Amino acid sequence: MIILLKMEERMTLCNMVVEAGGKNGVVPADETTFKYLEDKTSKNFEPVYSDDNARFIQEYRIDVSKLEPLVAKVFSFTPCSNIQPHSPDNRALARECKDVKIDRVYIGSCTGGKTEDFFAAAKVFLASVRGFVSFSFSVIAFSLS
């Protein structure tokens with residue numbers, strides 16, 4: 001349920017709507033929103049909500065508990081393949097990759113990767129690797145403006 005999501009997770013969800021081809025993604029403002037904004041602005045604002053009788057062209061309800069983690073696959077050129085290296089189709093279910101030996105990992109995101117995601121990944125990685133001495137990652141931040 002969206003009401004249980006932290007503000008950063010809501011932002012990611014809205015960004016993913018656009019990445020998937022939607023025109024916009026909106027989560028109605030609630031206490032989580034107001035608390036988030038307390039530290040961000042001192043200006044007055046008025047939240048905007050859908051009318052109670054609003055009709056939508058399509059409404060989607062997705063049981064996210066049935067979604068499975070995906071991983072990007074290493075690109076290997078196949079002359080007859082229509083799949084490109086940057087394609088979202090170049091992926092597999094994580095459970096299908098359980099026998100893949102991992103010697104290097106890249107974790108990145110343009111949709112909404114957060115520092116807490118990197119810490120969660122490091123925790124899982126460190127718990128699953130024996131004889132591992134250290135873990136490091138780089139965060140690259142930039143602005144086009």
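The values are calculated or read from the model by the stated rules, or taken from the named source; none is laboratory data. Note that the structure is a prediction, hence the values are computed from the model and not measured. Positions of Cβ are backbone-derived with ideal geometry, glycine not excepted, and every protein chain shown enters the neighbour counts. Ligands, DNA and RNA are excluded from the accessible area calculation, which covers all protein heavy atoms including side chains. Shrake-Rupley method; radii C 1.70, N 1.55, O 1.52, S 1.80 Å.
Of the residues making up the stretch 31-73, those that are over 30 Å from residue 98 (Cβ atoms) and of a type in the set (D, E, K, R) are 31, 35, 38, 39, 40, 43, 46, 51, 52, 55, 59, 61.
Scanning the stretch 45-64 finds no residues that are within 16 Å of the chain's Cα centre (by Cα) and modelled with pLDDT of 85 or more. Select from the stretch 116-145 the residues that are surrounded by fewer than 10 Cβ atoms within 10 Å (Cβ to Cβ), modelled with pLDDT of 65 or more and not hydrophobic (A, V, I, L, M, F, W, C) and list them in ascending order. Selection gives 128, 130. Of all residues in the stretch 22-35, those being open to solvent by 60 Å² or more (accessible area, probe 1.4 Å) and either more than 17 Å from residue 61 (Cα to Cα) or in contact with a Cys (Cβ under 9 Å, 6 or more places away or on another chain) (or both) number 5. Answer with yes or no whether residue 69 is modelled with pLDDT under 85 and not hydrophobic (A, V, I, L, M, F, W, C). For residue 69, the condition - modelled with pLDDT under 85 and not hydrophobic (A, V, I, L, M, F, W, C) - is not met.
Of the residues making up the stretch 1-32, those that are of a type in the set (D, E, K, R), in contact (Cβ under 8 Å) with a residue 12 or more places away in the chain and part of a loop (DSSP other than H, G, I, E, B) are 6, 30.
Please verify whether the stretch 87-98 includes one or more residues that are modelled with pLDDT under 70 and assigned to a loop (DSSP other than H, G, I, E, B). Yes - at least one qualifying residue is present in the stretch 87-98.
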